[in-house]
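Please read the structure below before turning to the comments.
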Amino acid sequence: MALPSYAGPLETFWYYAFRAFCGLVFIFLISPLLIIIPLSFNIEPYFSFTEGMLAFEPDAYSMRWYKEFFTSDRWMNAIQNTFIVAICSTILSMILGTLAALGLSRSELPFKGLIMGLLISPMIVPLIISAAGMFFFYSSLGVSQSYLGLILAHTALGTPFVVITVTATLSGFDHNLVRAATSLGATPTYAFFKITVPLIMTGVISGGLFALMTSVDEVVVALFIAGAEQRTVPMQMWAGIREQISPTILAVATLLVCMSILLLTTVEYLRRRSETIRGITPQ
């Protein structure tokens, strides 16, 4: 938003002061990333800048740790486990979250606020509490330390994101379109897949991307639920910090940052596309 032409000196000062403050906060938040990324190219096995790096000598930089990451059996196994769990939990989160959001969009649903609070509670409850509860619950079911238990745990953590994004999409949904299709002879199932689903798909995909990022980045619950065979990338990073310090962790962290930026860019694109479809000028 541009500064109005009629703004006085005090309003002008607060306008630029607020933006300067936001810029400082942004720099404070991303400063650790600005340190990790160049360190991942360090040719030496150190977590600090060498004299050669500070002097920008080409010989001080290398892709050594990225090569070690892609050639290590431990890291490749962790990547495989991460994608298996993330993809399965994301699909389940999208299905369950979409169905829950559709139910919450019905005006005649009783205790809507209470149900919504229960559905998004995994976002509010501290992860250590959720992890402990899931561990005892899944242990009683016999699915702890298995792919199934880890997928269900990540599904529980990712579903609230889908519920929130789909609910926000349904807030501007015109239910008269479904009624019109029904009046023309369409079955409820046909109207759902041909009308409702295409219009809310951007919200479903956005929520699914947030669920995917949650699963890929999650480590606390995985430490409780996963076994040795289900070790994910965050678990391998945690183990690497405790057992064997290696700059390979910095390379993995850099790749995860790039992946997060790509997914967030996709989410922003989908948000703007959804606003365009609904006739809202993207901000």
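The values are calculated or read from the model by the stated rules, or taken from the named source; none is laboratory data. Note that the coordinates shown come from a computational prediction; the quantities given were computed from them, not determined experimentally. Here the Cβ is made from the backbone with ideal geometry for all residues, glycine too, and neighbour counts use every protein chain on show.
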**OP:** Could you tell me which of the residues Leu157, Leu96, Leu141 is of a type in the set (A, V, I, L, M, F, W, C), more than 19 Å from Ala226 (Cα to Cα) and touching a helix residue (DSSP H, G or I) at 6+ places or on another chain (Cβ under 9 Å)?
**Re:** Leu96
Original post:
Failed condition for Ser144, given (1) closer than 23 Å to Val216 by Cβ; (2) crowded, with 17+ Cβ neighbours inside 10 Å; (3) modelled with pLDDT of 85 or more, with all others met?
Top reply: (3)
Original post:
Take the residues of segment 173-208 that are touching a residue at least 12 places away in the same chain (Cβ under 8 Å), under 26 Å from Gly113 (Cα atoms) and of a type outside the set (A, V, I, L, M, F, W, C): which is surrounded by the fewest Cβ atoms within 10 Å (Cβ to Cβ)?
Top reply: Thr196
Original post:
Would you call Leu170 in contact (Cβ under 8 Å) with a residue 40 or more places away in the chain and either farther than 21 Å from Val85 by Cα or among the basic types (Lys, Arg) (or both)?
Top reply: yes
Original post:
Quick one: is Leu148 more than 19 Å from Cys88 (Cα to Cα), of a type in the set (A, V, I, L, M, F, W, C) and within 25 Å of the chain's Cα centre (by Cα)?
Top reply: no
Subject >> Any hit, segment 101-112, residues being within 30 Å of Arg231 (Cβ to Cβ), of a type outside the set (Phe, Trp, Tyr) and exposed (fewer than 13 other Cβ atoms within 10 Å of the Cβ) >> reply: no
Subject >> Listing of helices (runs of 4 or more DSSP H) fully contained in segment 28-147 that carry 3 or more residues being touching a residue at least 60 places away in the same chain (Cβ under 8 Å) and under 20 Å from Gly240 (Cα atoms) >> reply: 64-71, 73-104
Subject >> Options Ala211, Ala226, Ala222: the member that is surrounded by 22 or more Cβ atoms within 10 Å (Cβ to Cβ), closer than 30 Å to Gly133 by Cα and over 19 Å from the mean Cα position of the chain (by Cα) >> reply: Ala226
Original post:
Which of (1) over 22 Å from Met237 (Cα atoms); (2) modelled with pLDDT of 90 or more; (3) touching a Lys or Arg at 6+ places or on another chain (Cβ under 7 Å) is the odd one out, the single condition Asn81 does not satisfy?
Top reply: (1)
